[in-house]
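All remarks here apply to the structure that follows.
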Amino acid sequence: MTHIFEIPLYPYERSVDQDSAEPAHHQVVVVGAGPIGLATAIDLAQQDVPVLVLDENDRVSWGSRAVCYAKRPLEILDRLGCGDKFVEKGVQWNMGKVFFEDRQVYSFDLLPEEGHKRPAFINLQQYYLEQYLVERLRDLQAEGKPIELRGKSRVTKVAQSGERVDLTVETPEGPYTLSADWLIPCDGAASPIRALLGLDFVGRVFEDNFLIADVVMQADFPTERWFWFDPPFNKGQSALLHKQPDNVWRIDLQLGWDIDREKEKQPENVIPRLKAMLGEDVDFELEWVSIYTFQCRRMEKFRHGRVLFAGDAAHQVSPFGARGANSGLQDTDNLCWKLKLVIDGKAPAALLDTYDDERILAADENILNSSRATDFITPKSAMSRTFRDAVLQLSEKAAFARPLVNSGRLSVPSTYDGSQLNGADCEKMPRRSRPGSPASDAPLGEAWLLDQLGNNFQLLGINVDLPASIEIEGISVASLCLTTAAGEQSLLAERYLGEAAQAVYLIRPDQHIAARFESYSEAAITQALRTAIGQRVKEVAQ
């Protein structure tokens, strides 16, 4: 059987840059054709920003790697034009169960409310994610969008010089040089670009190791996230089980710190562990095995002049909680619209500093939650273990104890409270839709709100008339007017009106809320937009 990760999807081809007498110049170069690099390039190309992607490989990643994709990143993939394909292939789930020793202690629902287009999570092997993103990139090329992907192209030198970044690229036919206005490294946790620039992470490396196994088998387990503390088959440790497409099951087994990593990955050592968990009679096949160490670290800054780091190249967290690829997709969502405005001369370059501010806030939230999960999963003292086990025992019958159980707080989008891009607020409206928060989806008959908001600045009017569009600072802001009259769109009213009878929202291109008002005022909207693009002005009388 030939797997997708064995097939070159973007094989090496000689480029015109290699035959140029002078180093070619590109507006944006993205390094890394993993999920974050491809999403970055697609987002920019959709906005007609020319972008070149360089990758040292020529095919998708091997193994499931990032496997759980949360609702907000799925909504971002919708905006990138490929969400349906992921959801159709992925295994959808909302429910999780927690086990202690040999019994279930409780279960939880990650999306308890109705009225969302996307599920709480899907499980999908990373090679499918990358394959579908490459296919989307090819579709954009066919549409004439300015996007190029070069395989077997490894960046070996990086230097910033005034208004550009100079690169040396190694290929099967030798090296060549090029330059870019902007460089976006999305080249993973071991980021060669970060090393070439002499930059590093700050944070913690935890003394524990986990075995990951992708197992192909027919099984009757439900489509849920199952997490065990101190199970009989992995005594004193923990375990995790997830279902994926194609009868592939992802199993994580805690091993401890003092191990021989290469020895533990050998099938003769992995298979007995899996049989202890699944049963001697279960027929399965190993597809992929790896070992990871908990790490919760980030760069001190994500922006370094004209070099903008994203995804695991910028920050790293433990896999429990599904915060890696999910937060990386939110990095690109935050970065690309800002870079587009700067390139077009419609916002100051300082707007890119707010990418640092907002996504470092998000990274710190993820690191905090990931560190707490790690400390709960792997207690560092006898006292900590006693406390943890008492919490688990209580959680079986006492609801108050369940929030204390931490098997990996699962990924949720960050709200940019305190961001300098946030504008006016109205306290009559629900807290969930305050400035800085991601817009909540809601059904609109047969359609969905987030699908109607699109990729640009947008005014959302509820029970209020708005002009079809206005132009501010050369930016065209379209309007979407909705009504909740006669009890219609009740979830829209619940999520956006609260105690107010009507509302006007200014929504950013990444579908985070910039400002909200009870009534329309062009002067107030102008101020809010200028604030949202980094051009603060004096307060306008409301």
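The values are calculated or read from the model by the stated rules, or taken from the named source; none is laboratory data. This structure is a prediction, so every number in the text was calculated from the model and none was measured. So basically every Cβ, Gly included, is an ideal-geometry build from the backbone, and we count neighbours across all protein chains shown.
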Consider region 422-458. How many of its residues are more than 21 Å from the chain's Cα centre (by Cα), in a loop (DSSP other than H, G, I, E, B) and of a type in the set (Gly, Ala, Ser)?
4
Would you be able to say whether some residue in region 182-197 is within 29 Å of ALA120 (Cβ to Cβ), surrounded by 16 or more Cβ atoms within 10 Å (Cβ to Cβ) and not assigned by TED's automatic domain parsing to the domain that holds ALA24?
no
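Listed here are the residues, each with its yes/no results for (1) outside the structural domain of ILE184 (by TED's automatic domain parsing); (2) at pLDDT 95 or above; (3) not basic (Lys, Arg).
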{"residue": "GLU262", "(1), (2), (3)": "yes, no, yes"}
{"residue": "PRO267", "(1), (2), (3)": "yes, no, yes"}
{"residue": "GLU280", "(1), (2), (3)": "yes, no, yes"}
{"residue": "TRP288", "(1), (2), (3)": "yes, no, yes"}
{"residue": "ILE291", "(1), (2), (3)": "yes, no, yes"}
{"residue": "LYS301", "(1), (2), (3)": "no, yes, no"}
{"residue": "HIS304", "(1), (2), (3)": "no, yes, yes"}
{"residue": "VAL307", "(1), (2), (3)": "no, yes, yes"}
{"residue": "ASP312", "(1), (2), (3)": "no, no, yes"}
Kindly list the number of the only condition in (1) closer than 26 Å to ALA70 by Cα; (2) among the hydrophobic types (A, V, I, L, M, F, W, C); (3) exposed (fewer than 14 other Cβ atoms within 10 Å of the Cβ) that fails for MET217.
(3)
Where in region 1-86 are the strands (runs of 3 or more DSSP E), entirely inside, with at least 1 residues that are surrounded by 20 or more Cβ atoms within 10 Å (Cβ to Cβ), more than 19 Å from the chain's Cα centre (by Cα) and in contact (Cβ under 8 Å) with a residue 40 or more places away in the chain?
24-31, 51-54
Kindly indicate whether any position in region 380-394 is assigned to a loop (DSSP other than H, G, I, E, B) and among the aromatic types (Phe, Trp, Tyr).
no
Residue check: is LEU196 at pLDDT 95 or above and under 28 Å from the mean Cα position of the chain (by Cα)?
yes
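Condition check ((1) closer than 24 Å to VAL51 by Cα; (2) acidic (Asp, Glu); (3) out of contact with any Asp or Glu (no Cβ under 7 Å at 6 or more places or on another chain); (4) modelled with pLDDT of 95 or more) across all residues:
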{"position": "CYS68", "(1), (2), (3), (4)": "no, no, yes, no"}
{"position": "LEU74", "(1), (2), (3), (4)": "yes, no, yes, yes"}
{"position": "LYS97", "(1), (2), (3), (4)": "no, no, no, no"}
{"position": "TYR106", "(1), (2), (3), (4)": "no, no, no, no"}
{"position": "LEU110", "(1), (2), (3), (4)": "no, no, yes, no"}
{"position": "TYR127", "(1), (2), (3), (4)": "yes, no, yes, no"}
{"position": "ALA142", "(1), (2), (3), (4)": "yes, no, yes, yes"}
{"position": "ASP166", "(1), (2), (3), (4)": "yes, yes, yes, yes"}
{"position": "THR171", "(1), (2), (3), (4)": "yes, no, yes, yes"}
